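Since the structure comes first, as structure tokens, the remarks are kept for the end.
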Amino acid sequence: MSGELIKLSIKAFCDEQFSEEVADGEFRTLLNPEKYTYKYQIEQNEEQAPGTSGGAPRFNKIPPEGLELEFVFDRTGVITDYGTSGTADDKTFRDEGGGVIDDVEHFKKVVFDYNGDEHRPNYLIISWGTLLFKGTLSEMDLTFKLFKSDGTPLRAVANAKFKGFVEDNLRVAMENNSSPDLTHVREVKEGDTLPLMTYRIYGDSKYYAEVAKANNILNFRKLKVGQKIFFPPLEKSS
């Protein structure tokens, strides 16, 4: 391991395919968060039918997950860039006249400001260690906590909430992962046959020959345990 401290970063994108980055649209936190919180929620439909005394809630949908993070901005000199001590990258963040205003404005530009073409907040990818989150900002509280004698803020804390975003093709796969219109990969287990595996995916074993062809399987009766089989989208025939 190099010992290099990896900082949480946020990259802003113009499009929901996360392919076009926003100019100057990356923010790296000065101080990594102490924690982050995922929020999961299941929505229930609790509407009561007329003439009934009540009923059990019915599942409606699972909305995109949420993420909550706290960001600290500080120009008092207590935060360094965590570079190698005594080298050019050993940078201390001190007040340069404007306090934390420039830092906060850059953060807001990345996560909060509207995209001029889309007229909506930027699409964001938040990454740090095992954290990889795609979404948009849904709410942010910004608190200024320490000031110079002229009122210039030297420290600020942003509590931000993000709403998860899933690309359309991945969302369909997540919501309907048994659909025969989707690509599947399955591992052969003891007792599996190609017709049986085909039936599990497509609801009909008659497509096994097409699956065999897609996988270059010459003898479908001799599958190996642990072998991975690719089940492509197929247009079902009657």
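State which residue pairs qualify: first residue farther than 11 Å from Y36 by Cβ and inside the range 126-142, second residue surrounded by fewer than 18 Cβ atoms within 10 Å (Cβ to Cβ) and small (G, A, S) in any location, beta carbons under 9 Å apart, and separation of 6 or more residues or different chains.
What qualifies is S127/S9; K134/G164; G135/G164; T136/G164.
Within the range 182-202, is even one residue over 35 Å from the mean Cα position of the chain (by Cα), at pLDDT 85 or above and among the basic types (K, R)?
Taking every residue of the range 182-202 in turn, none turns out to be over 35 Å from the mean Cα position of the chain (by Cα), at pLDDT 85 or above and among the basic types (K, R).
When you scan the range 108-165, how many residues do you find that are more than 14 Å from F27 (Cα to Cα), part of a loop (DSSP other than H, G, I, E, B) and either not assigned by TED's automatic domain parsing to the domain that holds A23 or not hydrophobic (A, V, I, L, M, F, W, C) (or both)?
Residues meeting the conditions: 11.
Among V72, V78, which is over 16 Å from the mean Cα position of the chain (by Cα) and either under 16 Å from S9 (Cβ atoms) or at pLDDT 85 or above (or both)?
V72
Can you tell me how many residues within the range 126-135 are surrounded by fewer than 18 Cβ atoms within 10 Å (Cβ to Cβ) and touching a strand residue (DSSP E or B) at 6+ places or on another chain (Cβ under 9 Å)?
Residues in the range 126-135 being surrounded by fewer than 18 Cβ atoms within 10 Å (Cβ to Cβ) and touching a strand residue (DSSP E or B) at 6+ places or on another chain (Cβ under 9 Å): 3 in total.
Condition test on N177, is it outside any helix (DSSP H, G or I), modelled with pLDDT under 85 and surrounded by fewer than 16 Cβ atoms within 10 Å (Cβ to Cβ)?
yes
The values are calculated or read from the model by the stated rules, or taken from the named source; none is laboratory data. Keep in mind it's a predicted model, so treat the numbers as computed, not measured. As a convention, Cβ positions derive from the backbone with ideal geometry for all residues, glycine included, and neighbour counts pool all protein chains shown.
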